[in-house]
Structure formats: structure tokens, C-alpha cells
Amino acid sequence: MAGLAISEYKRKYAYGEDYGTSQFKFGPVAEKPLVIDNRGLLLAGESRLLLDIFGVRKEVVVGPELPKYLGSIDDVGRYLVYPMRDGLVEKDDERAWRVLYEITRYGFETTKPKAKDFDGFFVTAALSAIAPDYMYQRIFEIHARLDAEEKVVKAVTIIPQPLAVAIAEKTVTCVVVESGHGNTQITPISMYPIRNAIVALNRGGAEADAIAAEILRDLGYEDRAREEKFVRQFKEAVGLIPRDLNQAIEKARREPERFRTVFSIPGTVIQVDMGNMGWARFLIGEIIFNPEHEIFESYYKRGMPRPKDTVVGGERVRGTMPLVQAITHSVSRTSTELQPALYKDIILSGGNFAWKVPQGLEDVAVDSATKVALELKRLGIESNVRLVSDPLYSVWKGTIVYSIAVPEDVEWDWKRREGWYKRGVHY
């Protein structure tokens, strides 16, 4: 290794991967990771003939070039695969695993150094806190296969996303609430995640997308409401978290011009004028915090999916459980002595919490941390709730720290789910 001590080598070639439902964040040590959508386009069937004529040999397209292959809105639904619905992949969903293999390979192809001392990355991958063993095994297999092809993985390990957040925040005792596109994971941590206290809600950005799509339909944009990327852009641009939903809706209806929003996409002529429906902006934020509010019932009745229940450790958790109720339920499953310390440090992470308050709407809109603290206070619980400084990348930052910190001689232990799965030992 060109005379480098292993600790120096690991600092130089630590590598992190965050397998989010919506995005795959990856890369070696840097200020921020590289990011691509966690999706792939299967080039098959009737499209294959023309692709061969044009000299396109790929069977799966991922990364920035994917949009160039998208056809009509109807075709997208047939060939576009989002592998990690609700943060999990079905064991036998080979289309999904094929896409995950390609996005993982894309990461290494994009970042593989040309330095002579490079002998593979020390890779830490982050998965959902409730990911089953078979997901760990398949991720290990993907990395072993890629290393066999390109010698890019010297060793790989896997950690839960909430633990990665705690590591990035250097916080030993806390509750991490990690909310991404597919799910929201509530994980009490005291050195390690307290597994029997984890509560996973099957809702996140996907549910915010779903209500955003219904709002687009109400505004007359039925075709665009079926286009996932457009819906997501609309949601991120107009969504707001209400301090109190009923009061926010009442004010918005009373002062429609104050809440009027026109959404447009740069480089296109597409515009969405919300007109007097500016009040609906608050539904996009509220559904993450309380999808049991009565206003959502009408949307469920007309076909919007109700968040699915989750079964963890034999316990069924309803998908619509209000977020603060889920937090208190999770904390209640830890020791009584530990609970006050957990409430003193509730850490929010994930793109689903990265909502901002527009100037002039401070009386009705709040950020995620304020929302959670207010709801806990209504239950008589004094807490310290904070949003990480970089909610989109906190998990990835934790994986980099872990890659550097774990000694090379610690081998993977399935019982503890820690250590390195190493070249020459495991593959």
C-alpha cells in the first residue's frame, strides 16, 4: 500500500453509501456526497430494437442520463423501477435488486481513484433500521460481485440509518427520527440502537407526494399528477408545515391572496397556479405529522393510499399514528431511568424534515423541530428537539465517520451486526 499505514489508508479511502428510498447518496470523504435518484430504467421489450440500432448496449440505465431515455408518461410506469419502497426491498424482487446493483456500480465507476496505492474502498452502507437479514446479505453480495469485477471494495459493513445520524452528530444518548421518502424511523439510541424500541412508520415523502398529487388533480393537472418527478418538485416548492392545521387553513381561506402560489419548472413552459387553493399547501406538511386529521379522510375515500401498518417484533404499528404519539410510544419501551435523557435530545434528520418557513408566514407555518416540540409540550413533555445541520446528508456523513473509525481487524458479526465483511475472508 505504498508505505501507508492502514489508518491513513482508511482515512483516504473511506466510502459511504446511503440507500434512501428516493435517492442514493454515495462517495469518498468530501464535504457532501454525490447523489442520484434511487431508480433505474429497464431497457427491454419493444424499445430494444431501436436501442441496438443506436448502439446502446445497456440493459439498465441509472444516474443523470436516465431522463434522456424516458418516453411518454405511460411508458415510464412500465419500465421505471424504484427498488426501495418504504425503505425495504422484497427478497425475490429481482428487478429491484438489479437496479440496486447498477446504482452501486455507478457509484464506484464515478469515484474510483486512479492512484497507484488504491486497493479498494472501506465501504459503510446505511439501510433502514428495520431492514431484514436478507437485505444485508444481498448488499454484501452486490459489493463482493463488484469487487470481483473491478477491485473497488476492500471491506464493507452495514449500519442502520438512524445510528449513522447519531454518529454524525456525536451523540451517545438520543432519539433519532429519520424521515426519508419511504418511511420514518424512530430509534432510541444509547450507544447502540435499542432494537425493541424502534418504531417504523410506513410514511414519509411518498405520502407527501400522494397528497400533492391529489392537490394537482383538484387544480386540473391530472396528467402531471401521474408523473412522480413533477409531483415531487411541486411538493418541495409549495409544501408547508402548519403550526396548527385548522387555524392555518382558516387563515389561508380568509386571505387567499396572501397564500397564493404559482409553481413553475425552469426550462419549461409549465406553470401551476394554485389560485384560492393556497390553503392546501399545509396538507403536504401535515400528513407526515398527523395523517389521522379528519381532513385527510376524504382523500382516502377517493383512492389516496392510507399509510400501511408496520409489524416490528410482532407488534403492529398503524401507519397513520401521529408522529409525536409514535415518538412517545418508542421512548416508553425503554427503561424509565433512561427516558428523561432521551427526551432531552431528539434529533430529526432526513429530507422529509427539511421544510422552511417563508417570510411573512411565521404566524401559521413552522419548521419540523418546532412542530415536534410543540406537539410534545401539548402532552406535557418538555423536550429538546433539533434538526441536524444538513438533514439531506446526515446519514451519509455518519457512514464516512464509521468507515474511518472501525478498526480493520474487526470482522463482521451477524449477531451484533457490526464489523467488516472483508475481501479474502468473506469473498
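So the values come out like this:
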{"item": "Stretch gain in nm, segment Asp119-Glu294, where the contour uses 0.36 nm per residue and the Cα spacing is subtracted", "result": "57.3 nm"}
{"item": "Rounded to 5, percent antiparallel among DSSP beta bridges of segment 123-257", "result": "70"}
{"item": "Per-residue SASA entry for Arg98, accessible area with 1.4 Å probe, Å² rounded to 10", "result": "100"}
{"item": "Full-extension gain in nm, Arg260 to Thr110, via 0.36 nm per residue minus C-alpha separation", "result": "49.8 nm"}
{"item": "Near-label residues of segment 220-248 by backbone N, under 12 Å of a point 7 Å along Cα→Cβ of Arg302", "result": "220-222"}
{"item": "GNM result for the chain, Cα springs below 10 Å: residue of Val176, Val81, Val410 fluctuating most strongly", "result": "Val410"}
{"item": "Dipole magnitude of the chain, debye to nearest 20 (Cβ charges: Lys/Arg +1, Asp/Glu -1, about Cα centre)", "result": "340"}
{"item": "Cleavage-rule hits (trypsin sites (Lys or Arg not before Pro)) in segment 121-153: DSSP loop, at most 16 neighbouring Cβ within 10 angstrom", "result": "Lys151"}
{"item": "For segment 232-327, accessible area per residue (1.4 Å probe, heavy atoms of protein chains only), Å²", "result": "49"}
{"item": "Test item: Cα-centred dipole of segment 153-293, Lys/Arg +1 and Asp/Glu -1 on Cβ, debye", "result": "360"}
{"item": "Cα principal axis extents for segment 99-147, largest first, Å", "result": "38, 20, 17"}
{"item": "Antiparallel bridges, percent of DSSP beta bridges restricted to the chain (to nearest 5)", "result": "65"}
{"item": "Estimated Rh, the chain: Kirkwood, alpha-carbon pairs, angstrom", "result": "22.8"}
{"item": "Residues whose placed amide H lies under 5 Å from that of Val312, excluding near-sequence neighbours", "result": "Val317"}
{"item": "Eligible aspartates and glutamates near Lys12 by straight Cα distance, threshold 15 Å, same-chain separation 8 or greater", "result": "Glu31, Asp117, Asp119, Glu408"}
{"item": "Length added when fully stretched, Val425-Gln271, from 0.36 nm per residue minus Cα-Cα", "result": "49.8 nm"}
{"item": "Accessible surface of the chain [probe 1.4 Å, protein heavy atoms]: carbon and sulfur percent", "result": "50"}
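The values are calculated or read from the model by the stated rules, or taken from the named source; none is laboratory data. On a predicted model such as this, the values are computed, not experimentally measured, just so you know. When we count neighbours, we look across all protein chains shown, and the Cβ atoms used for this are built from the backbone with ideal geometry, even at glycine. Remember, those area values only see protein heavy atoms, side chains included, never the ligands or the DNA or RNA. Shrake-Rupley method; radii C 1.70, N 1.55, O 1.52, S 1.80 Å.
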